[in-house]
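J.: I have a structure here, written as structure tokens, and I will follow up with some questions on it.
Bear in mind that the values in this text are calculations on the coordinates, not laboratory data. None of these values were measured; they are calculated from a predicted model. Cβ: placed from backbone, ideal geometry, glycine included. Neighbour counts: every protein chain shown.
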């Protein structure tokens, strides 16, 4: 019988899958990137219900195993540690500190939040420049990811003693037109580089959940249950074409005391190195082939409830 500790599911029962002409890895740049969703089993009433349902499901899948949550100090990872804390799960937060304190802003927030919530944490020193010089190309090949900023988090997994959990693949909704004189249907986008994180854990046979926000269909549908989502997709936040600048409003429906912060990446001071490495990948791959997208409208997401 297969040991659940090494069962590599990239979503619960693999309900969310990707395809390239029937294969799960791209073999040529002209192959179409596609994704498929299956139905959900539980009715979700609120966004908070969806978050708790998803968190419990991830912990239950690795029952008996301690979780290690990749904690950047950003809002998605803050949601995760609040959820596992509320559920009483055994976990530790991993905080990665880059050389020369170039991500000190995020590290400071992460430590402050972890200590305020009495969450155990580790701070790991990680050299970004050495990573891009020595390891990033191999990680890119395994993950089939050509976005340099998406690669270090995969190398972080080498430092985890626990089941690694990353708060990635939060549904990216956007308004495809800036003409606010017309009602426009908002769309949700699946990105190929998010899938690359799941490809990587399959290729390296690592027990991990990278695309946390697509672990269950209930979580994907759950976003549509928030007041924030209704207001956003009905243009109540005039001029907003995406989710980034307002999503904390939605997250605070679950946890009102979440900390407000300016969005930073920690990569600002190494942008020239990022650009150089991206150009290297473009030469290596004869372009940047791993940037496919798949879009769905709100009705297609809500259909998951009625199937």
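J.: Given 251, 230, which one is free of Cβ contacts under 8 Å to residues at least 24 places away in the same chain, under 25 Å from residue 39 (Cα atoms) and either in a helix (DSSP H, G or I) or touching a helix residue (DSSP H, G or I) at 6+ places or on another chain (Cβ under 7 Å) (or both)?
T.: None of the other options fit; the residue is 230.
J.: Still on this structure, I have one more. Taking residue 260 as meeting all but one of (1) without any contact (Cβ under 8 Å) to a residue 60 or more places away in the chain; (2) assigned to a loop (DSSP other than H, G, I, E, B); (3) surrounded by 15 or more Cβ atoms within 10 Å (Cβ to Cβ), write down the number of the exception.
T.: (3)
J.: Can you pull out every residue in region 271-293 that is in contact with a strand residue (DSSP E or B) (Cβ under 9 Å, 6 or more places away or on another chain) and either in a helix (DSSP H, G or I) or surrounded by 15 or more Cβ atoms within 10 Å (Cβ to Cβ) (or both)?
T.: 292, the sole residue that qualifies.
J.: I'm checking my understanding of the structure. Among residues of region 294-307 that are touching a helix residue (DSSP H, G or I) at 6+ places or on another chain (Cβ under 7 Å) and surrounded by 13 or more Cβ atoms within 10 Å (Cβ to Cβ), which one is farthest from residue 31 (Cα to Cα)?
T.: 305
J.: Now for a separate question. Can you name the condition, by its number, that residue 45 falls short on among (1) farther than 25 Å from residue 230 by Cα; (2) in contact (Cβ under 8 Å) with a residue 60 or more places away in the chain; (3) in contact with a helix residue (DSSP H, G or I) (Cβ under 8 Å, 6 or more places away or on another chain)?
T.: Of everything listed in (1) farther than 25 Å from residue 230 by Cα; (2) in contact (Cβ under 8 Å) with a residue 60 or more places away in the chain; (3) in contact with a helix residue (DSSP H, G or I) (Cβ under 8 Å, 6 or more places away or on another chain), residue 45 misses just condition (1).
J.: Exactly one of (1) more than 16 Å from the chain's Cα centre (by Cα); (2) more than 14 Å from residue 243 (Cβ to Cβ) is unmet by residue 175. Its number?
T.: (2)
J.: Which of the residues spanning region 118-170 are under 20 Å from residue 205 (Cβ atoms), surrounded by 17 or more Cβ atoms within 10 Å (Cβ to Cβ) and in contact with a strand residue (DSSP E or B) (Cβ under 7 Å, 6 or more places away or on another chain)?
T.: 153, 156, 157, 160, 162, 163, 164, 165, 166, 168 - these are the residues of region 118-170 that are under 20 Å from residue 205 (Cβ atoms), surrounded by 17 or more Cβ atoms within 10 Å (Cβ to Cβ) and in contact with a strand residue (DSSP E or B) (Cβ under 7 Å, 6 or more places away or on another chain).
J.: Which condition breaks for residue 177 when tested against (1) more than 21 Å from residue 278 (Cβ to Cβ); (2) assigned to a loop (DSSP other than H, G, I, E, B); (3) in contact with a helix residue (DSSP H, G or I) (Cβ under 8 Å, 6 or more places away or on another chain)?
T.: Among (1) more than 21 Å from residue 278 (Cβ to Cβ); (2) assigned to a loop (DSSP other than H, G, I, E, B); (3) in contact with a helix residue (DSSP H, G or I) (Cβ under 8 Å, 6 or more places away or on another chain), the lone unmet condition for residue 177 is (3).
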